[in-house]
Amino acid sequence: MTIKPPAVIDIHSHFFPPITQAEAASLDPHAAPWLQVNDNEHGMIMTGNKPFRPVYSALWDPARRIIEMDATGVDVQIMCATPVMFGYSYPINQALPWAQRMNDYAIELCAHNPQRLKALAQVPLQDIDAACREASRAKSIGHVGVQIGNHFGDKDLDDDDMLAFLTHCANEDIPLLVHPWDMMGGEQRMKKWMLPWLVAMPAETQLGILSLILSGAFERLPRSLKICFAHGGGSFAFLLGRVDNAWRERDIIREDCPQLPSSYVDRFFVDSAVFDSRALELLVDIMGEERVMLGSDYPYPLGEQQVGQLIRDTKFSTRTHARLLAGNALSFFGL
């Protein structure tokens, strides 16, 4: 019997396991995240005793995920941690067991239907050696890659420690999804209207990409590195002309970056979560059809509600649709 490859793969979706308050207290009784389930359908992510985000059962119930995947025609979904789970601020003797437990939880959720549910691991970036070991362990138990935040404190992706982790993943063939978190701007300037998500999050993603390009990090990293930036690469594609112009006109931009910034688009991938067909068409034009993969940000409200419809609504060829919906992800994650 011939098995058809999946036609739709969502590479960017989130989960939050049924962490109890007692379990979270082992990390931090005052601020660690846990899940308060009000009934079988609704819940609240809590940080200590404070409500963080209302959620519903698809976030922790794999059977519900499969039902909703079927409804939108998604064959395979790759899940990653909700960034509040990262635990980057804690000592490594607490953060490593936490990451390990969350990664084990993810595999338990995928076990409901391992052909259709896949997971990306989280790692404790506060200790790069431990992060490398956990990335390798996670791969050995079934994770198809690792999700990391776009920075660790003041360290952007071009920091030597971060580059050591990226190099480890390249050498071990561990794909990476970079997700923005801990957004810039602060409460005073991003005070309401979800501005951290609408303004700072795209800027954080662009900062992550440019830190690798303008620092010359891509010149030092193995070309085997598989790295994808969430949310369509944030504001990168729209502002790339500005960056190229600066490189041409100012020697300070060329100081560490020997090639035109736009020449590095073949070193990374982005997902398709841009929510506008014109924006997606620009993104594919900038990145190339082989560098964009379907990503929905499911099951959060700011994600694509009809997963994959944005790609289907564009004027791309059937071949390009197939690459964006699944073909590129098959290759990137080795599925």
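Annotations
- The helices (runs of 4 or more DSSP H) located wholly in region 172-281 that include 1 or more residues which are closer than 26 Å to CYS80 by Cα occupy 186-189, 201-214, 217-220, 236-249.
- A count restricted to region 305-335 and to residues that are surrounded by fewer than 20 Cβ atoms within 10 Å (Cβ to Cβ) and among the aliphatic types (A, V, I, L, M) stands at 3.
- Residue within region 5-17 that is part of a loop (DSSP other than H, G, I, E, B) and either without any contact (Cβ under 8 Å) to a residue 60 or more places away in the chain or hydroxyl-bearing (Ser, Thr, Tyr) (or both) present: no
- Screening LEU109 on (1) of a type outside the set (Val, Ile, Thr); (2) touching a residue at least 40 places away in the same chain (Cβ under 8 Å); (3) under 21 Å from LYS226 (Cβ atoms) shows it passes everything except condition (3).
- Within region 91-130, considering residues that are touching a Leu at 6+ places or on another chain (Cβ under 6 Å) and of a type outside the set (A, V, I, L, M, F, W, C), the one surrounded by the most Cβ atoms within 10 Å (Cβ to Cβ): PRO124
- Residue list for region 131-144, restricted to those being over 16 Å from ALA106 (Cα atoms) and open to solvent by less than 10 Å² (accessible area, probe 1.4 Å): ALA131
- For region 249-295, a tally of residues being within 16 Å of HIS321 (Cα to Cα) and polar (S, T, N, Q) returns 2.
- Lone qualifier among LEU207, LEU302, LEU214, LEU260 - being at pLDDT below 95 and surrounded by fewer than 22 Cβ atoms within 10 Å (Cβ to Cβ): LEU302
- The single condition among (1) open to solvent by 50 Å² or more (accessible area, probe 1.4 Å); (2) within 24 Å of LEU163 (Cβ to Cβ); (3) in contact (Cβ under 8 Å) with a residue 60 or more places away in the chain that PHE86 does not satisfy is (1).
The values are calculated or read from the model by the stated rules, or taken from the named source; none is laboratory data. Everything numeric in this text was worked out from a predicted model, so none of it was measured. FYI the Cβ positions are ideal-geometry reconstructions off the backbone, even for glycines, and counts take in every protein chain you see. Heavy atoms of the whole protein, side chains included, go into the accessibility calculation; ligands, DNA and RNA do not. Shrake-Rupley method; radii C 1.70, N 1.55, O 1.52, S 1.80 Å.
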